Amino acid sequence: MTSLMWFTRDEYASRLARVQRELVGMGLDGLVAYQPETVTWTTGFYTKAYTNYHMAVIPAEGQPSLLCRDVSRYYAERTFAFDEVRYWTDGQDQDELAVALVRDRLGDRARLGIELSSWMMPVTRYRRFGKALPGVEWVDVGDLNPRLRIIKSPAEIAYQRHAARAAEAAMTAALDAAAPGRNELDVAAAATAALVKAASDTPGPGVFSSGERAMHLHGGYIDRVLRRGDTIQYEPTPHVRHYNARFMRTIKVGSATDEELRLAEALIAIQDEALAAVRPGVAATVPDAIYRAGIEATGKVRCYTNKTFYSLGMLMTPSHAEPLEATPVATWTFQPGMVFHSYLLVGDFGMSETIHVTETGVERLTGYRRDLLVSGQGG
């Protein structure tokens, strides 16, 4: 049987052991996992239809069991790194089957972890589990699995490097397509095609806007016609095996003023100084403070409120980031194997990179040219 697993069985066994050590440390008999990232990262199971009902029972000792839809059998047989899979068919009561699996594997008087923050664990399901298993003590494990995913393995970072190359291809395509008289749809289509050709799981194009909307984060493309001198704010956000990398650049359509070029240079210098301060053991507040002081010194922003780093890894929509973020009140330190999106944004000018924290400093996974991009002047 052809394997479609993203990682080796040994890597999944190592991840399972880490989860189980946490469960034992919390005095839990097991974890009832519904969050797609938890199930996929720990057990390997993946189907593009991960929004269908599926869950895993992960005992504190022994192998996990999976429950998924019968039409996902092909993917369960080729991606699940362990042995026991149960299937539900359309028309069956999935919660009832899940309760039976929990009872069979962990008993009906256990102390079990559950991810109450998961979008696949609505209040109605949680209450139903409580009624069906009255002898079970349910304990919210909070961000147990996201914490374990913060430090990436070399194989995980390899996927993020691939995603970074896809992001760069999309930026080049957007820059080439951004000409006066064309509209945002043309540019978005070019960037999306580049992402697909570069093997991004998600076509994108990512965060994209022009004109007045470029002044505001998280825009999406519309049929607005581009004019000479327009600003485009673009952040391709590709995934490879759902491992994300992203970066932000500002594109000027056709021309840029000297003032705009100077602002871009100033922002790049601020970011270079902040990223140079990142290394293992350094508090997140150190480069965060460099960002904020530099941005406010430009005179363009009175008070900078955005976070400056947030952790990236395996992300499945609607998830968009991992838990760590750098703000003035952050309490964590950088460690080798962490991966972050680090950005600054002033008006409609933005600059960002995806970085990997190494033993000695920072590896920029995104390696695109660091300047104000002007379309029509070559790549």
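The values are calculated or read from the model by the stated rules, or taken from the named source; none is laboratory data. Predicted, not measured: the structure shown is a model, and the values here were computed from it. Cβ: placed from backbone, ideal geometry, glycine included. Neighbour counts: every protein chain shown.
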Within the stretch 27-51, which residues are surrounded by fewer than 15 Cβ atoms within 10 Å (Cβ to Cβ) and either polar (S, T, N, Q) or over 19 Å from LEU67 (Cα atoms) (or both)? GLY27, THR51
Of residues in the stretch 324-379 being among the hydrophobic types (A, V, I, L, M, F, W, C) and under 23 Å from GLY211 (Cα atoms), the one surrounded by the fewest Cβ atoms within 10 Å (Cβ to Cβ): VAL374
Out of the stretch 267-288, which residues are surrounded by fewer than 21 Cβ atoms within 10 Å (Cβ to Cβ), of a type in the set (D, E, K, R) and touching a strand residue (DSSP E or B) at 6+ places or on another chain (Cβ under 8 Å)? ARG279
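Output the number of residues of the stretch 347-365 satisfying the condition of being outside any loop (DSSP other than H, G, I, E, B) and in contact with a strand residue (DSSP E or B) (Cβ under 7 Å, 6 or more places away or on another chain). First the steps, then the outcome.
Just the residues of the stretch 347-365 that are outside any loop (DSSP other than H, G, I, E, B), to begin with: 349-357, 362-364.
Still in the running and in contact with a strand residue (DSSP E or B) (Cβ under 7 Å, 6 or more places away or on another chain): 349-356, 362-364.
Of the residues in the stretch 347-365, 11 are outside any loop (DSSP other than H, G, I, E, B) and in contact with a strand residue (DSSP E or B) (Cβ under 7 Å, 6 or more places away or on another chain).
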Residues being touching a Phe, Trp or Tyr at 6+ places or on another chain (Cβ under 9 Å) and surrounded by 15 or more Cβ atoms within 10 Å (Cβ to Cβ): count how many of those fall in the stretch 215-225. 2
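From the list ALA98, ALA17, exactly one residue is in a helix (DSSP H, G or I), touching a residue at least 40 places away in the same chain (Cβ under 8 Å) and small (Gly, Ala, Ser). Which is it? Steps first, answer last, please.
Working: ALA17 fails: touching a residue at least 40 places away in the same chain (Cβ under 8 Å).
None of the other options fit; the residue is ALA98.
Checking the conditions here, which among MET5, MET1 is in contact with an Asp or Glu (Cβ under 8 Å, 6 or more places away or on another chain), surrounded by fewer than 19 Cβ atoms within 10 Å (Cβ to Cβ) and over 16 Å from VAL102 (Cβ atoms)? Break it down stepwise before answering.
Numbers: MET5 fails: in contact with an Asp or Glu (Cβ under 8 Å, 6 or more places away or on another chain).
Result: MET1 is the single residue among MET5, MET1 that is in contact with an Asp or Glu (Cβ under 8 Å, 6 or more places away or on another chain), surrounded by fewer than 19 Cβ atoms within 10 Å (Cβ to Cβ) and over 16 Å from VAL102 (Cβ atoms).
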Which members of the stretch 323-352 meet the condition of being within 18 Å of ILE151 (Cα to Cα) and among the charged types (D, E, K, R)? GLU325
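From TYR291, TYR310, which residue is farther than 18 Å from ILE150 by Cα, free of Cβ contacts under 8 Å to residues at least 60 places away in the same chain, of a type outside the set (S, T, N, Q) and crowded, with 17+ Cβ neighbours inside 10 Å? Give the derivation first.
Numbers: TYR310 fails: farther than 18 Å from ILE150 by Cα.
The conditions single out TYR291.
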Can you name the residue in the stretch 163-208 that is of a type in the set (Asp, Glu) and surrounded by fewer than 23 Cβ atoms within 10 Å (Cβ to Cβ) and, of all such residues, is farthest from ARG227 (Cα to Cα)? ASP201
Would you please name the residue that is modelled with the highest pLDDT, looking only at residues in the stretch 161-202 that are of a type in the set (D, E, K, R) and in a loop (DSSP other than H, G, I, E, B)? ARG182
Of the numbered conditions (1) touching a strand residue (DSSP E or B) at 6+ places or on another chain (Cβ under 9 Å); (2) part of a helix (DSSP H, G or I), MET120 fails exactly one; give the number of that condition. (2)
Looking at (1) among the hydrophobic types (A, V, I, L, M, F, W, C); (2) within 25 Å of TRP6 (Cβ to Cβ); (3) surrounded by fewer than 16 Cβ atoms within 10 Å (Cβ to Cβ), which is the only condition MET120 fails? (3)
Any idea which residue in the stretch 96-123 is nearest to PHE340 (Cα to Cα), counting only those that are in contact with a helix residue (DSSP H, G or I) (Cβ under 9 Å, 6 or more places away or on another chain) and β-branched (Val, Ile, Thr)? ILE114
Hits in the stretch 315-333 (condition: touching a strand residue (DSSP E or B) at 6+ places or on another chain (Cβ under 6 Å) and aliphatic (A, V, I, L, M)): LEU315, ALA321, LEU324, ALA326
Top-ranked residue of the stretch 228-278 - restricted to ones that are of a type in the set (S, T, N, Q) and not in a loop (DSSP other than H, G, I, E, B), ranked as nearest to MET5 (Cα to Cα): ASN244
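Can you go through PRO280, PRO287, PRO328, PRO323 and tell me which one is modelled with pLDDT under 95 and in the same structural domain as GLN233 (by TED's automatic domain parsing)? Break it down stepwise before answering.
On the way: PRO280 fails: modelled with pLDDT under 95; PRO287 fails: modelled with pLDDT under 95; PRO328 fails: modelled with pLDDT under 95.
None of the other options fit; the residue is PRO323.
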Apart from one, (1) exposed (fewer than 15 other Cβ atoms within 10 Å of the Cβ); (2) touching a strand residue (DSSP E or B) at 6+ places or on another chain (Cβ under 7 Å) all hold for ARG109; the odd one out is (2)
Exactly one of (1) out of contact with any Ser or Thr (no Cβ under 8 Å at 6 or more places or on another chain); (2) part of a loop (DSSP other than H, G, I, E, B); (3) modelled with pLDDT of 95 or more is unmet by PHE82. Its number? (1)
Among the polar types (S, T, N, Q), in the same structural domain as PHE340 (by TED's automatic domain parsing) and touching a His at 6+ places or on another chain (Cβ under 6 Å): which single residue out of THR202, THR231, THR237, THR192 fits that description? THR202
